[in-house]
Amino acid sequence: MPEVDAGKESKEFHLDIAAENRPFFLKGSGALDWGTQNRLSRIFDPESGRTVMLAIDHGYFQGPTTGLERVDVSIVPLLPYCDALMVTRGILRTSIPPTFRKGIVLRASGGPSLLKELSDEEIAVDADEICRLHVAALAVQIFVGGPFETRSIHNMTRLVDLGNRLGVPVFAVTAVGKEMVRDARYFRLACRMAAELGAHFVKTYHVEEGFETVTASCPVPIVMAGGKKLPEIEALTMAHRAVQEGACGVDMGRNIFQSEAPAAMLQAVRKVVHENMKPKEALDLYQSLRAERRRKTS
């Protein structure tokens, strides 16, 4: 059958240009399906290769955490400044506008409260729910060395299998029990286990010595956990050190929403993560934005 435009002479076949197959930008993610890579690009900025995630899922085991009493009031105004939001399905449905177009990292494990043994978790979502909520990734806690270590790892591997079928990456979160030592040796173990068993990216804590060995020995991206509330300069310094030592971003909660000026702090963290701004400069930016906000509200 002749082509419809057979009468036209010019054809843009670009015979002088070789077909291009651009490698995916994110560490350890080149062999993933298109849908999985697309979802990861909703979390990680393709330009910097990094992410600033805002973690607000604390209530799934400890209730209305300080700063998260009213997510609609305290968190929704921060959404323009983060790359992705780590959240539970309950808060997503009740409090996050469906016009939010960035990556949703859905808390997919749970069970015990802080009154019980936290490692005794189960998978908390199913495939239909994941599809309905159009999430970019699934977050699951792993408790390496905890009383229910095997169960938590099994939760993760089951979610990896499910995520691979659906094209949804899995984010393994390394939990640390009260009796465990937070050092590079432990985090090398926990992060490598998560990656070897299929996690697409991993969240772990920064340590003062040897963090670069944690990121180097993990074949998938590591995102630094924010941890407890710190003075702003300390949180910015920790974020700066983490990305300079190989982390592909940060997932901060308390150091954002418990800050005196959360929006200003989140913008300062973005400068550190995406533009390698030095901590002192980022603190100056934070203070300037905080002062500007005070002027507007006074």
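The values are calculated or read from the model by the stated rules, or taken from the named source; none is laboratory data. A quick note: this is a predicted structure, and the numbers were derived from the prediction, not measured. Neighbour counts run over all protein chains shown; Cβ positions are idealised from the backbone, glycine included.
Please list, ordered by residue number, the helices (runs of 4 or more DSSP H) wholly in segment 94-200 having 1 or more residues that are crowded, with 23+ Cβ neighbours inside 10 Å.
Output list reads 149-166, 184-196.
Considering the conditions (1) buried (at least 20 other Cβ atoms within 10 Å of the Cβ); (2) part of a loop (DSSP other than H, G, I, E, B), E69 is excluded by exactly one of them, (1).
All conditions in (1) touching a residue at least 24 places away in the same chain (Cβ under 8 Å); (2) over 17 Å from I75 (Cα atoms) hold for A291, with the sole exception of (1).
Hey, among the residues in segment 92-134 that are of a type in the set (S, T, N, Q) and at pLDDT below 95, which one's nearest to T150 (Cα to Cα)? Give the derivation first.
Pass one, segment 92-134, residues of a type in the set (S, T, N, Q): 94-95, 99, 109, 113, 119.
Those left that are additionally at pLDDT below 95: 109, 113, 119.
Details: S109: 14, S113: 19, S119: 10 Å.
Among those residues, the one meeting the criterion is S119.
I75 passes every criterion in (1) among the aliphatic types (A, V, I, L, M); (2) under 23 Å from T204 (Cβ atoms); (3) surrounded by 21 or more Cβ atoms within 10 Å (Cβ to Cβ) apart from (2). Being under 21 Å from Q267 (Cα atoms), touching a residue at least 40 places away in the same chain (Cβ under 8 Å) and among the β-branched types (V, I, T): is that true of V243 here? For V243, the condition - under 21 Å from Q267 (Cα atoms), touching a residue at least 40 places away in the same chain (Cβ under 8 Å) and among the β-branched types (V, I, T) - is met.
Within segment 141-157, how many residues are among the aliphatic types (A, V, I, L, M) and out of contact with any helix residue (DSSP H, G or I) (no Cβ under 6 Å at 6 or more places or on another chain)?
Within segment 141-157, the subset among the aliphatic types (A, V, I, L, M) is 142, 144, 153, 156.
Filter once more, so that each one left must be out of contact with any helix residue (DSSP H, G or I) (no Cβ under 6 Å at 6 or more places or on another chain): 153, 156.
Matching residues across segment 141-157 total 2.
Annotation: of all residues in segment 21-66 being crowded, with 17+ Cβ neighbours inside 10 Å and among the polar types (S, T, N, Q), the one that is farthest from K271 (Cα to Cα) is T36.
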